[in-house]
Amino acid sequence: INVASVNDTPQIDPISDLYIMEDSLNILIPLSGINAGPANELQNLSINAFVDDTSLVKISSIQYNSPEDTGLVTIDPTDNVFGIIPMTVQVIDDGGTLNGGVDTSETIFFINISPINDPPIFNLLDSIQIFEDSETIIELTGVQAGPWEKDQQITMSVKSNNTDILPNPALSYNSPDTIATLTFSTIPNIFGSTSISITMSDNGGTDFGGKDSISYLIPVEITSVNDKPSDFNIITPNNDSTIVI
């Protein structure tokens, strides 16, 4: 009687579902119970790991040395992503599949990523330039509560950091619009450099380290404009005199 060998299924312990927060980095997933099958199968082992959508979570590294029974997988969720994502870890031996053998085993678990509130943002300007003796209207674009947080309510306000040069700028915004309007009215004949602070808030809360408000500082340059010469008086004859020739 010839009993042909059949490769037995390699083994790995089940992995519990993982619960992490949005924007987490270098998440370590320990592996255990790795073996080639029965004790008489001294085969070379390797570990493979993958997720269904690599745009959501990336496998940073797999640390395993055969024939050890433990290993480590490191993952990095994509910034600002949250939700439930399945992940698969496989153990593979080199015993082959002849005679119906099985050389691969896998365990599937879920990565649960909870959201954290991001601060509201807009397309930040490097600086603002306006002219002396003018009223200037500037649009702020790209206003949003944060990535994937469009349902939140946003409020915005503006403050001049030197009212002697730039008094009381006005900001108009209605949530959830993506555009806000800044209006500047300068002091006559005053120019120079100052800055404004734009403060934004949303109602996403601060749970788990979330951030619901932020201030942005924008430099403002008021450029001088040459004024016309001032009015003058005639020394003699008096103003409004009639001269008959």
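The values are calculated or read from the model by the stated rules, or taken from the named source; none is laboratory data. Just so it is clear, the model here is predicted, and its values are computed rather than measured. All Cβ positions, even for glycine, are placed from backbone atoms using ideal geometry, and neighbour counts span all protein chains on display. With ligands, DNA and RNA removed, areas are computed over all heavy atoms of the protein, side chains included. Shrake-Rupley method; radii C 1.70, N 1.55, O 1.52, S 1.80 Å.
Quick one: which of Asn233, Asn174 is at pLDDT 95 or above and either on the phi < 0 side of the Ramachandran plot or open to solvent by 90 Å² or more (accessible area, probe 1.4 Å) (or both)?
Of Asn233, Asn174, the one residue that is at pLDDT 95 or above and either on the phi < 0 side of the Ramachandran plot or open to solvent by 90 Å² or more (accessible area, probe 1.4 Å) (or both) is Asn174.
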| task | Would you mind telling me which numbered condition in (1) of a type in the set (Gly, Ala, Ser); (2) in contact with a helix residue (DSSP H, G or I) (Cβ under 8 Å, 6 or more places away or on another chain); (3) surrounded by 15 or more Cβ atoms within 10 Å (Cβ to Cβ) Gly95 fails? | result | (2)
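Which of the residues that make up segment 131-141 are part of a loop (DSSP other than H, G, I, E, B) and at pLDDT 95 or above?
Selection gives Thr141 alone.
Here is a yes/no grid of residues against (1) at pLDDT below 90; (2) within 28 Å of the chain's Cα centre (by Cα):
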residue	(1), (2)
Ile29	no, yes
Glu41	yes, no
Thr74	no, yes
Gln90	no, no
| note | Checking Ile187, Ile165, Ile196 in turn, the sole residue that is surrounded by 14 or more Cβ atoms within 10 Å (Cβ to Cβ) and without any contact (Cβ under 8 Å) to a residue 24 or more places away in the chain turns out to be Ile187
| Every residue from segment 100-121 that is within 20 Å of Tyr19 (Cβ to Cβ), touching a strand residue (DSSP E or B) at 6+ places or on another chain (Cβ under 6 Å) and open to solvent by 20 Å² or more (accessible area, probe 1.4 Å) | Ile108, Phe110, Asn112, Ser114, Ile116
| task | Could you check how many residues of segment 24-41 are in contact (Cβ under 8 Å) with a residue 60 or more places away in the chain and buried (at least 18 other Cβ atoms within 10 Å of the Cβ)? | result | 1
| query | Which residues, counting only those in segment 88-131, are acidic (Asp, Glu) and touching a Gly at 6+ places or on another chain (Cβ under 9 Å)? | reply | Asp93, Asp103, Asp118
| field | Residue check for Gly83: within 30 Å of Asp207 (Cα to Cα), of a type in the set (Gly, Ala, Ser) and without any contact (Cβ under 8 Å) to a residue 40 or more places away in the chain | value | yes
